[in-house]
Amino acid sequence: MLRLQNLTKTYRTGDRALNGVSLTVEPGQVVGLIGPSGAGKSTLIRCINRLVEPSSGQVTLGDTALTGLGHGSLRRARRRIGMIFQEYALVERLTVMENVLSGRLGYVGFWRSFFRKFPPDAVSKAYALLDRVGLSDHVDKRADALSGGQRQRVGIARALAQDPDLLLVDEPTASLDPKTSRQIMRLIVEICDERGLPAIINIHDVALAQSFVRRIIGLKSGEVVFDGAPNELTDAVLTRIYGEEDWSATIRPVDEESDDQVDDPDAEAEHHGPAEVLDRERMAGLS
Amino acid sequence: MTAAAGTARAVWRRPPLIRNPRLRWAIYGGSLVYLVLAFASVDVNWTRVYEGLDRGLRFVEGFLVPDFVSRWGDIAQGMQESLTMTVTATVVGIMVSVPIGIGAARNIAPLPIYLACRGIIALSRSFQEIIIAILFVAMFGFGPFAGFLTLSFATIGFLAKLLAEDIEDIDEAQAEAIRSTGAGWWQVVNYGIQPQVMPRLIGLSLYRLDINFRESSVIGIVGAGGIGATLNTAMDRYEYDSAAAILILIIVIVMLAEYGSSIIRQRVQ
């Protein structure tokens, strides 16, 4: 179980990205985190594994208080938290296998990893994961030789190689076409179900979030303004999260179970441009 | 909008760099006046130039008939010294530059280490090779050892600085992803950073090998051994034909190194 208590992050520039966020993710629960660009979605999930250092508040995963961990124990805690990134964040010049095995770095010493001598069970697990995400034929290709959807599959395999207790997913579909986006979302949610793995998925595409997760949290200006089931996302709620707009094309009809409904390109193109905001957040959290 | 305004505007000029026209013309005029005065102040002794033409001609004549034979023993020895100096200095320079370059990258090094490494780089870059060579020749005597030290030292300033800048320019997301797996600092460097900077590091090292060879022929003139010393001796004896042979050899070797390194650089992309 993941618990955030009163989490606040103020960047050195004075921007308050998170303002007293409290929430709990139950074991095995997949949560979609929506909100406008700059609402603090990326900051929120980066505060959990402390790629961004929270200013105050607590993060607890299982029995471990992640905030307040020292350098060594933070590294051990990060092994339990898999992360999937926007734009994949694969090491472009390494092979697919090296990228997947890099998920094991927290478990092996420097020299073993330097000479790429990973333990046999880690290697066989990596093969199994590549098989699971459908990339068995691309093991020795360089990551930059793959298509967008394939790269994100490598990203998923890398996160799973960590044997995580929690998955943090940052805009997994931001640079993918609508069809691939749906395949990737489906794969992530399926894997979470298979393993009983809880996950927080940052996603700017409301329709996509509605069709794949069972709980949605709306973030606005660093505060939680909505927490509920996908079908509770009404016009009024979306206006509360994003501001005034005509939402009729975005909201998924409650009685509609068919997936195709959301392939409407208008819905896909609804929000965009989180990349530069993310960059700013990432740079601010660097040092 | 234009329709609403009633007139279709068809004239557009790019806004000038300096908006104030007076200031603009003052700067343009001032620069011109300065240039005219500066050129006028260059003192040319035309009689001396005329006398020098004769020497220049002899030099060119020497070039037309390069003499590889009569001083071949000296030339071969000088070349061998230069090449040895170049290769050893480049290897040692790279080995020292890599840790300093990593330490001088602000995005991965803590501040004290960063400052120390930047200091070493600044020191190495602030002195031209010849000045360092004079110092090392005074300390360690004539010969290739002083040259080796000079080139190693100069390599550090060059490679470490460019490596550090390349590390600062990496795609942070890749390093962040590695860090998020619980990897240690060295593992982040090895997995998240090294693959991103390696092609450029190889290219720069090969480029530095070129530079070191060329520099080895220059610092020889101040006594740091190598082909430069041979060249200097030949010039002093007015043996322009032998000097020409040396220069031609230097040009050939530099061109071969250039060609070879461009092939390797293409391969490592």
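The values are calculated or read from the model by the stated rules, or taken from the named source; none is laboratory data. Worth saying up front: this structure is predicted, and the values here are computed from it rather than measured. Backbone-built Cβ (ideal geometry, glycine too); neighbour counts: all protein chains shown.
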Flagged in region B:53-112 as assigned to a loop (DSSP other than H, G, I, E, B) and within 14 Å of another protein chain (Cβ to nearest Cβ), in numbering order, are B:A105, B:R106, B:N107, B:I108, B:A109, B:P110
Checking B:Q266, B:Q187, B:Q196 in turn, the sole residue that is surrounded by 22 or more Cβ atoms within 10 Å (Cβ to Cβ) and of a type outside the set (S, T, Y) turns out to be B:Q187
Notebook entry, point to check: Restricting attention to region B:182-201, does a residue exist that is over 26 Å from B:L162 (Cα atoms) and among the charged types (D, E, K, R)?
Noted result: no
Residues of region B:187-204 being free of Cβ contacts under 8 Å to residues at least 40 places away in the same chain and under 30 Å from the mean Cα position of the chain (by Cα), in sequence order, are B:N190, B:Y191, B:G192, B:Q194, B:P195, B:Q196, B:V197, B:R200
Legend entry - Condition check for B:L123: on the phi < 0 side of the Ramachandran plot and either crowded, with 20+ Cβ neighbours inside 10 Å or within 14 Å of chain A (Cβ to nearest Cβ) (or both): no
When region A:22-37 is checked residue by residue, the ones that are out of contact with any Gly (no Cβ under 9 Å at 6 or more places or on another chain) and either assigned to a loop (DSSP other than H, G, I, E, B) or buried (at least 20 other Cβ atoms within 10 Å of the Cβ) (or both) are A:V25, A:E26, A:Q29, A:V30, A:V31, A:G32
A:I48 meets each of (1) within 16 Å of the chain's Cα centre (by Cα); (2) at pLDDT below 90; (3) under 15 Å from A:D165 (Cα atoms); (4) of a type outside the set (D, E) with one exception, condition (2)
Filter region A:145-203 for residues that are charged (D, E, K, R) and within 14 Å of chain B (Cβ to nearest Cβ); the one that is surrounded by the fewest Cβ atoms within 10 Å (Cβ to Cβ) is A:D163
For helices (runs of 4 or more DSSP H) lying entirely in region A:204-287, having 2 or more residues that are within 24 Å of A:S181 (Cα to Cα), assigned by TED's automatic domain parsing to the domain that holds A:V25 and at pLDDT below 85 picks out A:265-268, A:274-284
Look at B:I130 and say whether it is within 10 Å of chain A (Cβ to nearest Cβ) and part of a helix (DSSP H, G or I). no
Reported set for region A:79-105 where residues are facing chain B (nearest Cβ under 7 Å), surrounded by fewer than 24 Cβ atoms within 10 Å (Cβ to Cβ) and within 22 Å of A:L66 (Cβ to Cβ) is A:R79
